1. If Lys and Arg each add +1 and Asp and Glu each add -1, what is the summed charge of the other residues whose beta carbon sits under 10 Å from the beta carbon of B:Asn48?
2. Where both partners of a DSSP beta bridge lie in chain A, what percent of those bridges are antiparallel, to the nearest 5?
3. Counting alpha carbon pairs within less than 8 Å and at least 6 residues apart, what relative contact order, in whole percent, applies to chain B?
4. Any chance you could give the angle, 0 to 90 degrees and rounded to 10, that helix A:182-191 forms with the longest Cα principal axis of chain A?
5. Give, in whole angstrom and from largest to smallest, the semi-axes √(5λ) of the equivalent ellipsoid of the stretch A:1-116, with λ running over the eigenvalues of the Cα gyration tensor.
6. For helix A:313-322, report the angle its Cα long axis makes with the longest principal axis of the Cα atoms of chain A; keep it between 0 and 90° and round to the nearest 10°.
7. Counting only other residues whose beta carbon sits under 12 Å from that of A:Met9, what net charge do I get with K and R as +1, D and E as -1?
8. Express as a percent, rounded to the nearest 5, the fraction of DSSP beta bridges in the protein assembly as shown (both residues included) that run antiparallel.
There are 2 protein chains.
Amino acid sequence: MRTGIPATMQAIGFDEPGGPDVLRAESLAVPQPAEGEVLIRVAYAGVNRPDVIQRMGRYPAPPGASPIPGLEIAGAVVAQGEGVTPDSIGQHVCALVTGGGYAEYCIAKIAHCLPVPEGMSLAEAAALPETLFTVWHNVFERGWACEGETLLVHGGTSGIGTMAIKLGKLFGLTVIVTCGSDEKCAAAVTIGADHAINYKSADFVEEVKRITEGKGAQLVLDMVSGDYVPRNLACLAEDGRHVTIAVLGGMKAELNMAQIMARRLTLTGSTLRARPDEFKALLCDEIFGTVWPHVEDGSLRPEMDRVFPLREAGAAHAHMEAGSHIGKIVLETGNG
Amino acid sequence: MRTGIPATMQAIGFDEPGGPDVLRAESLAVPQPAEGEVLIRVAYAGVNRPDVIQRMGRYPAPPGASPIPGLEIAGAVVAQGEGVTPDSIGQHVCALVTGGGYAEYCIAKIAHCLPVPEGMSLAEAAALPETLFTVWHNVFERGWACEGETLLVHGGTSGIGTMAIKLGKLFGLTVIVTCGSDEKCAAAVTIGADHAINYKSADFVEEVKRITEGKGAQLVLDMVSGDYVPRNLACLAEDGRHVTIAVLGGMKAELNMAQIMARRLTLTGSTLRARPDEFKALLCDEIFGTVWPHVEDGSLRPEMDRVFPLREAGAAHAHMEAGSHIGKIVLETGNG
């Protein structure tokens, strides 16, 4: 029996895939940390698009992961397994997790945790890991973005989009985003985007050409896919890279391979959740070295949209699906 | 007036695009080398698929390049422009050129020349540059091939295919090729391929899966494109790379972007002819350092098919288009 840790906790799950209303509270045993793991009393859990897709039944939890949604959390470490040194009990951390974040307690690998610096709220900390790990890996590692290059991101006011703007600007990129309204475009520019294109009133291909004086962008971070892909490729400069992190607009894309060859374009992509623990630990290490100093000095904060109580996770999902949010949505357990 | 160099030379050109019979001899002024260039008395010129496509009118010479076909030559340096040090006159070299190879004399950048070692014929030397530069760049640079990985190449007995086999084996790859007959498969294995699949009698996707015990290949060097692309991707292991260097089977490919994302595949490609001189010079330098020692010690030789007299360039093209060749076809000027 662990002092001060209850035997059970409230968590949010679902019995059958469906709309936001399938999410419902349940009482579960508080999990035990194994070797290299910590138990975190969750203060806040970030809501991400993959949680919504999981709830719809189209993105099942990978083998070994909790069936409870939730890929990022922040809170206090309250227990630890073997091999966790130095003692982490009582520390405030945020963590990337493979699931189980929508709960009062959640297990994380200690190697996937980052310390919450002074002056940063736990709500903000919970909103960082998923988009930070995803954008860092796909823009700067997989996409080879270099200082002085131009990045095009769709969904400029989404969690990913706002993180891409902020990270891009911190690391010397020109950032062009697309958004679905003039209001969102204005918000994206306020957040830091160099250019925001309303894709409903303008052809983003033409706009990117105009903005880059015909040269094109060096990188597209794509979460739409489908028939956006050939249009994205038309936005790319020679030697440009196209990195797919979601297929919200469809999976099938018809490509002109001669264009890929003649203009030396590169298409790739990745998902984060299914990667091995070792990969995530390396990525976490790299982010701690390269990005975390900007979190510590206050120059990087997630763009926050709204906080919902944990028990209203369904409302949080409905809010994300309505699409009017700007930045991150988080759930509050009341344990903060 | 340059001693021993005639004012005019025989070259092979064409007036209108068409079949092999449009190629005809013409008398042209012998060109003058500019700064950084040498004039080579051509002994042999390699024949490549892009020459055939150029003759068909579908691959025009890039701006500034000779309209005469021919992308690789070997012979003696007979004149040099300013800035060529040390003196190269009289040296036997092979060179990558942007055109003009089908002629008795041809200009090359000195930075795109490689010395022909003792014991190597000029016919062999002329058969190296185009496929060596193409395969090296696309397999080891663009495609990141590493020792111990598996490479799949279509057209295993083509100039590119035979070079890919030889380079792959020299640098520690397992090489799987596809060919259109059992005879060609046997030839590819004799040349060094670890596995050769007759694509007419077997499904190469199934065969690659079987050979790699379900893991797939790390790299596909693709010159077919079109509807081969999704099949190639099905041959790839996770994190696999697909590098397109020709689109002989068509330009359009329908891709599943979710597969690219979930399996972290990478598609890219390149063409050699249109790259800047500086790029080719860097590539030439790298090849001199990494591959040329194997040419000098005799462990790398091009696979030779047939030698045609320069004036029979049309017959050489017809021979390539008939598709029964194994390895490289070269043209002989009689200046060897």
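Readers should treat all values here as calculations from the given coordinates under stated rules, not as data from a laboratory. Please read all numbers here as calculations on a predicted model, not as lab measurements. For neighbour counting, all protein chains shown are included, and Cβ atoms are generated from backbone atoms with ideal geometry for every residue, glycine included.
1. 0
2. Among the beta bridges of chain A, antiparallel pairing accounts for roughly 55 percent.
3. Over chain B, the number comes to 18 percent.
4. In chain A, helix A:182-191 runs at an angle near 70 degrees to the longest axis.
5. 25, 15, 12
6. Its long axis makes an angle of about 10 degrees.
7. With Lys, Arg at +1 and Asp, Glu at -1, the neighbours total -1.
8. Roughly 55 percent of the DSSP beta bridges within the protein assembly as shown come out antiparallel.
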